[in-house]
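Every read-out reported here was derived from the displayed coordinates using simple, explicitly stated rules and does not represent laboratory data. Bear in mind the structure is a predicted one, so any value in this text is a computation, not a measurement. Positions of Cβ are generated from backbone atoms using ideal geometry, with glycine treated the same way; all protein chains shown enter the neighbour counts.
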Amino acid sequence: MPLPPIAENLQSVYNRIETAARSVGRRPEEIILVAVSKTHPWDYVAAAIAAGQLDFGENRPEEAHAKFVENPDAAGANFRLHLIGPIQSRKAKVALACNPVLIHSIDRMKIARKLDALAGRQGVVLDALLEVNVSGEASKHGWSPDDLREQLPELLALPHLRFHGLMTIPPYDPDPETARPYFIALRELQETLAADFPESDWSQLSMGMSHDFEVAIAEGATIVRVGTAIFGPREYK
Ligand SMILES: *Cc1c(COP(=O)(O)O)cnc(C)c1O
């Protein structure tokens, strides 16, 4: 099967990021594009790397490990791997073995404690974001803003996790404007948490996917996670 035009797709996404950023007076260099390669084979990643892409996102630790760590073709390649999906406790070890540059999806105390303990045993510190469920939708992972606030003292005291901000996934709607209030809510939460917990770094907002990243950038996203617009359709979410 021929590959989709990955280099062209990437160029078009970067152009759209630039336009979205400039339209609200932001610098496009402030925004990191994470190319979400889940479900796609290494060939797709290699094509993106050849086009100059550095940051990749995977949502299943085992798939990430097989593709980016065990795979001999990945050895020596220049990439940064982001874990963006929910991590089950029994997958915490694999997640750590992926050497992620950033885990976007710390969504409950149990996985925070587990990753902290494993990282401590290996003498490493993991960079991470806190995933917030701003919509309150039951099917979504993430902290409610109230629970997060309550647990933050314990979270920020974990010595082997270093937090840098928040991540969210709004309820899916093909109209990107539907997501705007959730992006605004995440940014407002970031602002209040930054004021109340100034000892932590709150600079990063991971929000926006293929269909709504321009709205997310307008509302302050510093990291967008884009799969379909770069790699084409997938068989599952
Ligand atoms: C799959 C996924 C994305 C990318 O979704 P697209 O709609 O294909 O851009 C972004 N974020 C997370 C957490 C995902 O699981």
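One chain, two ends: N71 and Y14. Fully extended at 0.36 nm per residue, the span grows by 17.7 nm beyond their Cα-Cα distance. With R₀ fixed at 30 Å, the C-beta to C-beta distance from R113 to R234 puts the FRET efficiency at about 0.40. Amide H contacts of G208: R225, each under 5 Å away and 5 or more positions distant or on a separate chain (H built 1.01 Å from N in the peptide plane; Pro and chain starts excluded). Label separation (V124 vs D146): 3.7 nm, computed from points 7 Å beyond Cα along the C-beta direction. For the pair R180 and F197, the difference between a 0.36 nm per residue extended length and the Cα-Cα distance amounts to 3.6 nm.
Sorting the segments 54-67, 71-84 by their residues' average number of neighbouring beta-carbon atoms within 10 angstrom, most packed first, yields 54-67, 71-84.
Estimated from the Cβ-Cβ distance and a Förster radius of 22 angstrom, the FRET efficiency linking E154 and E62 is about 0.20. Only the Cβ atoms of Lys and Arg (+1) and of Asp and Glu (-1) were treated as charged; on that basis the dipole of region 6-231 about its Cα centre amounts to roughly 640 debye. Ordering G142, S210, I103 by the projection of their Cα atoms onto the charge dipole of the chain, which places +1 on the Cβ of Lys and Arg and -1 on the Cβ of Asp and Glu, puts I103 at the extreme positive end. Positive end of the dipole of region 6-231 (Cβ unit charges, origin at the Cα centre): among S37, I17, A92, the Cα lying farthest that way belongs to A92.
Peptide packing: for 195-202, 37-44, the average count of neighbouring Cβ atoms within 10 Å per residue gives the ranking 37-44, 195-202, highest mean first.
Once you put a point 7 Å from the Cα of K93 and another 7 Å from the Cα of R80, both along the Cβ direction, what distance in nm separates them? That separation, rounded to one decimal, is 2.9 nm. Here T192, T168 are placed in order of increasing Cβ neighbour count within 10 Å, fewest first, which gives T192, T168.
Zone of A50 (label point 7 Å along Cα→Cβ, backbone N under 12 Å): which residues in region 1-30? Within reach of a label on A50: 3-8.
With θ taken as phi - 60° and the Karplus curve 6.51 cos²θ - 1.76 cosθ + 1.60 applied, the whole-hertz 3J(HN,Hα) list for region 5-11 is x, 5, 4, 5, 4, 4, 4 Hz, x standing for glycine and proline. Pairs exceeding a 19 Å alpha-carbon distance, out of K38/K91; K38/K110; K38/K67; K93/K140; K67/K93; K91/K114: K38/K110; K93/K140.
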